[in-house]
Each structure stands twice: as structure tokens, then as C-alpha cells.
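Accompanying notes for the structure given below.
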Amino acid sequence: MQLYHFPSPNPQKVTFALKELGLDCELIPVDLAKGEHKQPAFLAVNPAGRVPVLVDNGATLTESQAILAYLGEKTGRLWPTSAAGRGEALQWLFFLAQHIMPPAGQVALRVRARVTGIAVDEAAVAQGEQAIKAVLPIVEAHVARNRWMLGAEFSLVDCAYCPILNVVEKAGFSFADFPQVSDYLARSRARPAWQQTPKLPFL
Ligand SMILES: N[C@@H](CCC(=O)N[C@@H](CS)C(=O)NCC(=O)O)C(=O)O
């Protein structure tokens, strides 16, 4: 397997999962700070110009949530075995992509500025903070009842939530009003696989 990679949150979902699963994978660096993701060589791999991209057995997969589902289907580990369980896993991955990642991306503009030098749009950050405050109560209630996103057992869905909640907090958003989310993030960060996941110095 090969992973086109930069140590930012979306690729971190995959590197965290690979560490949890104990899978070997060659990391192919794509330096976002140098704009390598906009170069023809990388656009030929992913026309959307984004990482992560996983190449395995001749298949090229983009979209971090899809890559996690693929790893779950391929290995049968950290992934539900029942149709209902897999449906629930996809539900929470789509929920992250649809409702949490867009405002998280706005909050994380402060972090992106440190990577790219692009000036921070503070109005967009404020909008993201408001939007994430509106959606986090759903996650707060869920992790109050469940140790991990799919219940008692850690899964690949948790590999998706940790890097996003991590960057939101590192960008300066406080989880003080969401103590269960804060505890969930702390238990995720405590996992050896997360500690071994490549990170930017300030992430
Ligand atoms: N929906 C994509 C988003 C991927 C994405 O936006 N990755 C960021 C790095 S965390 C990226 O490549 N950004 C390049 C850019 O914004 O031009 C996924 O889930 O994989």
C-alpha cells in the first residue's frame, strides 16, 4: 500500500488507522506548504488536489472516510461485521463529513495559516466556531453514553473523529462547554497509535 500524505488532519485519519491495524504502508510525501498538491504529477493521482490518497492492489482511493471504510472492509478489523453495524459506522462518518468537517475547516483556518502563510479570515473562523457549537451537542450526548463512537469498542470511526477534534482544539476552540467530547478526545489521544501518528509540530 502507498499513501499520498501530509501530516494534516485528513491524512492523519488514515495514518492513525494504519497504526491501529498494524498495517505497513509506504508514505509518499505531498508538501501542501510547497503547493505540491497543485502540481500536474499529483493532480494526475487525485484531480481534486487533496490528500490523503491510498493506492492498494491497483486501486486508487481518495476521500478519507471512504479510505477508512475500505480498510475496515479489507481487514475485517475495527469495523462492524453486521449490516446494521456497518450502516451505523457509515452514518457517523457521513455525519462527520457533512456536519463537523465544514465548520472544523473554518476554525482550522488559523492552523492552515501557519502552514501556508495565507492570512486568517477571522469572520470565517467566527462563523465556524458558531456552527461547530451548534452541532457538538449531538456528539456530546453520544459520547456521554458510549465510550467510543460505535459503543464499547474502539473502531475506525474513532480514527476519523480524533484528528478533526484535535485540530479544532489546537486552533484555539475550547471544549469547556463539551466535557464529554473533551474526555473522548483525551482517551483518543492516549492511544499509542495516535501518539505514533505523524503530526505537524503544532498539531
Ligand atoms: N474530503 C476530503 C478532504 C481532504 C482535504 O481537504 N485534505 C486537505 C489536507 S487535511 C488538503 O489536501 N488540502 C489541500 C487544499 O486545501 O488545497 C477527505 O476527507 O479526504
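Within segment 82-89, the presence of a residue that is in the same structural domain as Ala171 (by TED's automatic domain parsing), within 16 Å of the ligand (Cβ to nearest atom) and without any contact (Cβ under 8 Å) to a residue 60 or more places away in the chain is excluded.
Looking at this structure, is Ala48 surrounded by fewer than 16 Cβ atoms within 10 Å (Cβ to Cβ) and near the ligand (Cβ under 10 Å from one of its atoms)? It is true that Ala48 is surrounded by fewer than 16 Cβ atoms within 10 Å (Cβ to Cβ) and near the ligand (Cβ under 10 Å from one of its atoms). Go over the candidates Val168, Val181, Val157 one by one and state the one that is touching a helix residue (DSSP H, G or I) at 6+ places or on another chain (Cβ under 6 Å), at pLDDT 95 or above and under 18 Å from Pro7 (Cα atoms). Exactly one residue qualifies, and that residue is Val168.
Note on segment 102-124: among residues that are in contact (Cβ under 8 Å) with a residue 40 or more places away in the chain and within 16 Å of Phe175 (Cα to Cα), the one that is farthest from the ligand (Cβ to nearest atom) is Val107.
Filter segment 149-203 down to residues that are of a type in the set (Gly, Ala, Ser), in contact (Cβ under 8 Å) with a residue 60 or more places away in the chain and assigned to a loop (DSSP other than H, G, I, E, B) and give me whichever is farthest from Gly87 (Cα to Cα). Per the stated criteria, the residue is Gly172.
Scanning segment 90-119 for residues that are buried (at least 18 other Cβ atoms within 10 Å of the Cβ) and β-branched (Val, Ile, Thr), we see that the one that is nearest to Glu73 (Cα to Cα) is Ile100.
The values are calculated or read from the model by the stated rules, or taken from the named source; none is laboratory data. Owing to the predicted nature of the structure, the values given are computational and were not obtained by experimental measurement. All Cβ positions, even for glycine, are placed from backbone atoms using ideal geometry, and neighbour counts span all protein chains on display.
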